[in-house]
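First the structure, in the form of structure tokens, and then the observations on it.
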Amino acid sequence: MEGIGEPCSILTAIEQEFLKSGHPKDLILCHSSGIGNKRGVGSDHFAHEGMVKRVIGSHWTWAPKLSQMVANNKVEGYVLPQGVMVQLLRAITGKKPGVISHVGLGTFIDPRLEGGRLNAISKASLVNKCLV
């Protein structure tokens, strides 16, 4: 059984192309909720070394293989609060400069702490603190 509302045949085709040709590679995945079913579908179609370089998401439970790659420093991993991630995706599609939110301040999302970074190879600063 696949996950809910995911384009299973498209994800499978992308995975098969990577396994055959090595492309696409170094992808950046962004998601606002878990994609998959904990049994190798959804985001786990992308759990191959070299296929993905960074994942930015809000919910990782449904992609255990990809999560393990992040835990093993094979892929950069970042987490943002789900609501903020949804707003960010909307801002990106609307060609807006970004999102301003207080959500996550004082937690490991806070840029003064870990900035949502999930492992040692995640060096980029995806969140910033600003005074409005």
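Quick note: the coordinates plus some simple rules give every number you see, no bench work behind them. Computed from a predicted structure; not experimentally measured. Methodologically, a virtual Cβ is constructed for each residue, glycine included, from the backbone with ideal geometry; neighbour enumeration extends over all protein chains shown.
Based on alpha-carbon centroids, what's the gap between segment 3-54 and segment 58-121 in Å, whole number please?
The distance from the Cα centre of segment 3-54 to that of segment 58-121 comes to 18 Å.
For segment 1-116, compute Rg over Rh where Rg is the Cα radius of gyration and Rh is the Kirkwood radius from the inverse mean 1/r over Cα pairs. It would help to have the intermediate numbers written out before the result.
Values: Rg = 14.8 Å, Rh = 15.0 Å.
Result for segment 1-116 is an Rg/Rh of 0.99.
Tell me, what is the percent relative contact order of the chain, built from C-alpha pairs under 8 Å that lie six or more residues apart?
Numbers: 215 pairs, mean separation 24.7, N = 132.
Taking the mean separation of contacting Cα pairs over the length of the chain, I get 19 percent.
Where in segment 52-71 does the amide nitrogen come within less than 18 Å of the point 7 Å from the Cα of residue 20, taken along Cα to Cβ?
Label zone hits: none.
Give, in nm to one decimal, the length gained when the segment between residue 28 and residue 82 is fully stretched (0.36 nm per residue of separation minus the Cα-Cα distance).
Gain on stretching residue 28 to residue 82: 17.7 nm.
Taking the alpha-carbon distance from residue 20 and a cut-off under 18 Å, which aspartates and glutamates remain once sequence neighbours fewer than 8 residues away in the same chain are dropped?
44, 49
Per DSSP helix of 4 or more residues, -39500 (n - 2.57); summed, then divided by the residues of the chain. What does that give at 222 nm, rounded to the nearest 500?
Taken over the chain, the calculation gives -8000 deg cm²/dmol.
Report the relative contact order of segment 8-75, percent, no decimals, based on alpha-carbon pairs under 8 angstrom and at least 6 residues apart.
Relative contact order here is 33 percent.
Jot down the radius of gyration and Dmax of segment 8-75, Cα atoms only, both in angstrom.
So, for segment 8-75, Rg and Dmax equal 10.9, 30 Å respectively.
With each pseudo-label sitting 7 Å past Cα toward Cβ, what's the residue 114-residue 39 distance in nm, one decimal?
3.1 nm
Give the cross-link partners of residue 38 among the aspartates and glutamates, using a straight C-alpha distance below 12 Å as the criterion and excluding same-chain residues fewer than 8 apart.
2
Where the only charges are on Cβ atoms (+1 Lys, Arg; -1 Asp, Glu), what is the dipole of the chain about its Cα centre, to the nearest 20 debye? Please list the in-between numbers first.
On the way: 15 positive and 10 negative charges, 72 e Å.
Here the size comes out at about 340 debye.
In degrees between 0 and 90, to the nearest 10, how far off the longest principal axis of the chain does helix 82-93 point, with axes built from Cα atoms?
Taking the Cα atoms of the chain, the angle to 82-93 is about 80 degrees.
Of all chymotrypsin sites (Phe, Trp or Tyr not before Pro) in segment 47-108, which ones are in loop regions per DSSP and have a Cβ with at most 13 other Cβ atoms within 10 Å?
The qualifying sites are 108.
Among the listed pairs 53/123; 65/123; 74/123; 25/53; 74/129, which are separated by more than 19 Å between their Cα atoms?
Details: 53/123 12 Å; 65/123 22 Å; 74/123 13 Å; 25/53 8 Å; 74/129 28 Å.
Cα-Cα > 19 Å for 65/123; 74/129; rest within.
Report ³J(HN,Hα) in whole Hz for each residue of segment 72-78, in order, from the Karplus equation J = 6.51 cos²θ - 1.76 cosθ + 1.60 where θ = phi - 60°; Gly and Pro get x.
Here the 3J(HN,Hα) series is 8, 6, 8, 9, 5, x, 9 Hz.
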